[in-house]
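Colleague: The structure's right below; bear with me while I get my questions together.
The values are calculated or read from the model by the stated rules, or taken from the named source; none is laboratory data. Predicted model, so just to flag it, every value in this text is computed and none were measured. For neighbour counting, all protein chains shown are included, and Cβ atoms are generated from backbone atoms with ideal geometry for every residue, glycine included. Protein only, heavy atoms only, side chains kept; ligands, DNA and RNA dropped before computing areas. Shrake-Rupley method; radii C 1.70, N 1.55, O 1.52, S 1.80 Å.
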Amino acid sequence: MSLAIKVNDLNMAYADGIEVLRGFTYSFEAGSFTAIVGPSGCGKSSLLRILAGLQSPSSGKIETKPDTSIGYVFQEPTLLAWRTVYENVALPLKIKGLNQQLTHTRVVDALALVGLADRQHALPRELSGGMKMRVSLARALAQNPDVLFMDEPFGALDELTRLKLDDELLDIWRRQKCTILFVTHTVSEATYLAERVLVMSSNGQLKDDIKIEGNTRNEAFRASTAFHEARLTITKSLEHNEEVI
Amino acid sequence: MMKFLLPFFVGSALLLFWEWIVGFLGVPIFVLPPPSQIAFALIENFTSLMGALIVTLSITGFAYFWALVGGVSLAILFTRSRFIEMSLAPYVVTLQVTPVVAIAPLILIWVGFENTNQAMIIIAWIVAFFPILTNTLQGIRSVDGGLHQLLQLSGAKWWQILIYLELPAALPSILTGAKISGGLALIGAVVAEFVAGSGTSTGLAWRIIEAGNRLEIATMFAALALLSILGIIIYYAHNLVEWILLRKWHESFN
Ligand SMILES: Nc1ncnc2c1ncn2[C@@H]1O[C@H](COP(=O)(O)OP(=O)(O)OP(=O)(O)O)[C@@H](O)[C@H]1O
Ligand SMILES: [Mg+2]
């Protein structure tokens, strides 16, 4: 298996002395689905931003394959209110200088993938929260990302919508074979989606790397003992963390 | 519909009352002429007043146009470079806080009395330009950080960020600034005409002074009414532009 991102001894401290990452070292395999959980404020968003190159770390080394294309889904839908769904999804492609025709196919495909083919001409404010999030996902997918960063993408949605989007995401991941880094607060979501779950401690260290056994992601898996055991392991790892503080 | 009918009835009632009370109390015409006399003066001097209106309108229009261009450009410049902003901002503020009436004579001298029109445009421009600058600045600065990062990830150049994100996002603020500036440009034009004095200016403000000197109070009121109407048109034209540009996507039109 080849590596998508290799991180070595990453440290991050903000100007006011807040340390959010300490000696973070990890290798993300190409095509893997990794979830990252940890207490609020431990530096998950910072980690994602640094790995995506949006922010530079205080020290450490990040290696990615050359010409890695990146998709990023923020916690908020972050759509341009004055642009239609289609234009929002097309914007990154337009900026990258892709020709009209290719842009069109990619946008239409991505919107079909997230089930919004018929809302192309809608403006963001005419959509529900879940739909906006799907536009945001489509925008990331349209860039054919090798690595997809997702920062609590479905955190603001209701349980049912989230479960549905989780399944859609898994479908997409299987089809596109991209590497996904998925930050979430919800342990069961991490367990259900990911092949590996990284648990971060509140002082910004990588505490545990938990492999989820039993690879079928479907309703049966959700009911299985493997699922519950994995969920328990992660929860324990998180709880222990709280006791330490 | 009520929005138009109510003010209309209030206005009509007020005019009727004005007409009646002036006659009833026997107020001399050179103190407060009745509306009928003002209307009569307006009709009588229609061509000359319209000429004056066009003069004032063109000063206002040019000042407003350059305020828009200058304010938005300067805001773009300031947000590109902290260095430029730090260097220039104090002077922009100085220009703003110095009473324009005090600088106006200087401007007239510098620009030269053979170019009073340009001098008046500059004076009105000084009055009008600040709100556009500050509103555009504020609009560009409050663009959502996530949206910025999004464009950054796509490898957008600074000018792409400007045209795809910052200017459209700042548009509501720019329009608010423009609305204030439109009104201020008119005030600036009137101030400029006052300062330039009679003989050189031929706009509405000058007509007001001239009519005052000749005690043609009805004509004075007619010119004043035209100025008010001009101000109202400027204000509602901005509302219309806002409605056209923002109604589809902005929260203020829900
Ligand atoms: N730009 C910044 N400047 C200074 N401090 C920051 C900045 N961004 C984040 N921090 C601080 O770094 C810490 C980690 O923030 P981060 O957003 O990475 O946490 P998180 O794990 O994503 O939290 P959450 O789960 O609540 O989203 C917080 O204490 C925050 O206050
Ligand atoms: Mg976060």
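Here's the yes/no breakdown for (1) within 14 Å of chain B (Cβ to nearest Cβ); (2) open to solvent by less than 60 Å² (accessible area, probe 1.4 Å); (3) closer than 23 Å to A:Lys44 by Cα; (4) in a loop (DSSP other than H, G, I, E, B):
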residue: A:Leu111; (1), (2), (3), (4): no, yes, no, no
residue: A:Met131; (1), (2), (3), (4): no, yes, no, no
residue: A:Ala140; (1), (2), (3), (4): yes, yes, yes, no
residue: A:Leu157; (1), (2), (3), (4): no, yes, yes, yes
residue: A:Asp171; (1), (2), (3), (4): no, no, no, no
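Colleague: While we're on this one: Please enumerate the residues belonging to the stretch A:52-67 that are away from every other protein chain (no Cβ under 12 Å) and either touching a residue at least 12 places away in the same chain (Cβ under 8 Å) or more than 21 Å from A:Leu93 (Cα to Cα) (or both).
Modeller: Those that are away from every other protein chain (no Cβ under 12 Å) and either touching a residue at least 12 places away in the same chain (Cβ under 8 Å) or more than 21 Å from A:Leu93 (Cα to Cα) (or both): A:Ser56, A:Pro57, A:Ser58, A:Ser59, A:Gly60, A:Lys61, A:Ile62, A:Glu63, A:Thr64, A:Lys65.
Colleague: Please go through (1) within 26 Å of A:Thr68 (Cα to Cα); (2) within 8 Å of ligand 1 (Cβ to nearest atom); (3) surrounded by fewer than 22 Cβ atoms within 10 Å (Cβ to Cβ); (4) more than 14 Å from every other protein chain (Cβ to nearest Cβ) for A:Tyr26 and return the number of the only condition it doesn't satisfy.
Modeller: (2)
Colleague: Same structure again: Assuming A:Ile180 fulfils every condition listed in (1) open to solvent by less than 10 Å² (accessible area, probe 1.4 Å); (2) part of a helix (DSSP H, G or I) apart from one, which condition is it?
Modeller: Evaluating A:Ile180 over (1) open to solvent by less than 10 Å² (accessible area, probe 1.4 Å); (2) part of a helix (DSSP H, G or I) leaves (2) as the failure.
Colleague: For the stretch A:206-233, name all the residues that are touching a residue at least 24 places away in the same chain (Cβ under 8 Å) and open to solvent by 80 Å² or more (accessible area, probe 1.4 Å).
Modeller: A:Arg231
Colleague: For the stretch A:170-183, give me each residue that is within 16 Å of ligand 1 (Cβ to nearest atom) and either more than 12 Å from A:Phe33 (Cβ to Cβ) or in contact with a Lys or Arg (Cβ under 6 Å, 6 or more places away or on another chain) (or both). Don't jump to the end; show me each part of the working.
Modeller: So in the stretch A:170-183, the residues within 16 Å of ligand 1 (Cβ to nearest atom) come out as A:181-183.
Within the stretch A:170-183, just A:Val183 meets the criteria.
Colleague: Does the stretch A:184-205 hold any residues that are more than 16 Å from ligand 1 (Cβ to nearest atom), under 19 Å from A:Phe24 (Cβ atoms) and open to solvent by less than 40 Å² (accessible area, probe 1.4 Å), and which are they?
Modeller: Passing the criteria: only A:Ala194.
Colleague: Looking at B:Val143, B:Val190, which is the one that is open to solvent by less than 40 Å² (accessible area, probe 1.4 Å), more than 10 Å from chain A (Cβ to nearest Cβ) and in a loop (DSSP other than H, G, I, E, B)? Please lay out each step first, then the result.
Modeller: Values: B:Val190 fails: in a loop (DSSP other than H, G, I, E, B).
Criteria check complete, one pass: B:Val143.
Colleague: So, A:Asp167, is that one away from ligand 1 (no atom under 16 Å from the Cβ), within 13 Å of the chain's Cα centre (by Cα) and open to solvent by 10 Å² or more (accessible area, probe 1.4 Å) or not? Explain how you work it out, then say what you get.
Modeller: Numbers: away from ligand 1 (no atom under 16 Å from the Cβ): yes; within 13 Å of the chain's Cα centre (by Cα): no; open to solvent by 10 Å² or more (accessible area, probe 1.4 Å): yes.
When the stated conditions are applied, A:Asp167 does not pass them.
Colleague: Next question. Quick one: would you say A:Pro92 is in a helix (DSSP H, G or I), more than 16 Å from ligand 2 (Cβ to nearest atom), surrounded by 13 or more Cβ atoms within 10 Å (Cβ to Cβ) and touching a residue at least 40 places away in the same chain (Cβ under 8 Å)?
Modeller: On the way: in a helix (DSSP H, G or I): yes; more than 16 Å from ligand 2 (Cβ to nearest atom): yes; surrounded by 13 or more Cβ atoms within 10 Å (Cβ to Cβ): yes; touching a residue at least 40 places away in the same chain (Cβ under 8 Å): yes.
Here the answer is yes, as A:Pro92 does meet what is asked.
Colleague: Evaluate the following for A:Ala117: is it surrounded by 18 or more Cβ atoms within 10 Å (Cβ to Cβ) and either more than 14 Å from chain B (Cβ to nearest Cβ) or in contact with a strand residue (DSSP E or B) (Cβ under 8 Å, 6 or more places away or on another chain) (or both)?
Modeller: On the way: surrounded by 18 or more Cβ atoms within 10 Å (Cβ to Cβ): no; either more than 14 Å from chain B (Cβ to nearest Cβ) or in contact with a strand residue (DSSP E or B) (Cβ under 8 Å, 6 or more places away or on another chain) (or both): yes.
No: the conditions fail for A:Ala117.
Colleague: Taking A:Leu148 as the residue in question, decide whether it is within 14 Å of chain B (Cβ to nearest Cβ), touching a residue at least 12 places away in the same chain (Cβ under 8 Å) and either within 15 Å of ligand 1 (Cβ to nearest atom) or not polar (S, T, N, Q) (or both).
Modeller: Values: within 14 Å of chain B (Cβ to nearest Cβ): yes; touching a residue at least 12 places away in the same chain (Cβ under 8 Å): yes; either within 15 Å of ligand 1 (Cβ to nearest atom) or not polar (S, T, N, Q) (or both): yes.
For A:Leu148, the condition - within 14 Å of chain B (Cβ to nearest Cβ), touching a residue at least 12 places away in the same chain (Cβ under 8 Å) and either within 15 Å of ligand 1 (Cβ to nearest atom) or not polar (S, T, N, Q) (or both) - is met.
Colleague: Which one of these is touching a helix residue (DSSP H, G or I) at 6+ places or on another chain (Cβ under 7 Å), outside any loop (DSSP other than H, G, I, E, B) and either within 30 Å of A:Gln205 (Cα to Cα) or more than 10 Å from chain B (Cβ to nearest Cβ) (or both): A:Thr78, A:Thr103?
Modeller: Working: A:Thr78 fails: outside any loop (DSSP other than H, G, I, E, B).
The conditions single out A:Thr103.
Colleague: Could you run through the stretch A:15-43 and say how many residues are part of a loop (DSSP other than H, G, I, E, B) and touching a residue at least 24 places away in the same chain (Cβ under 8 Å)? Before the answer, list the steps.
Modeller: Applying the first criterion (part of a loop (DSSP other than H, G, I, E, B)) to the stretch A:15-43 yields A:15-18, A:30-32, A:38-43.
Still in the running and touching a residue at least 24 places away in the same chain (Cβ under 8 Å): A:30-32, A:38-43.
Residues in the stretch A:15-43 being part of a loop (DSSP other than H, G, I, E, B) and touching a residue at least 24 places away in the same chain (Cβ under 8 Å): 9 in total.
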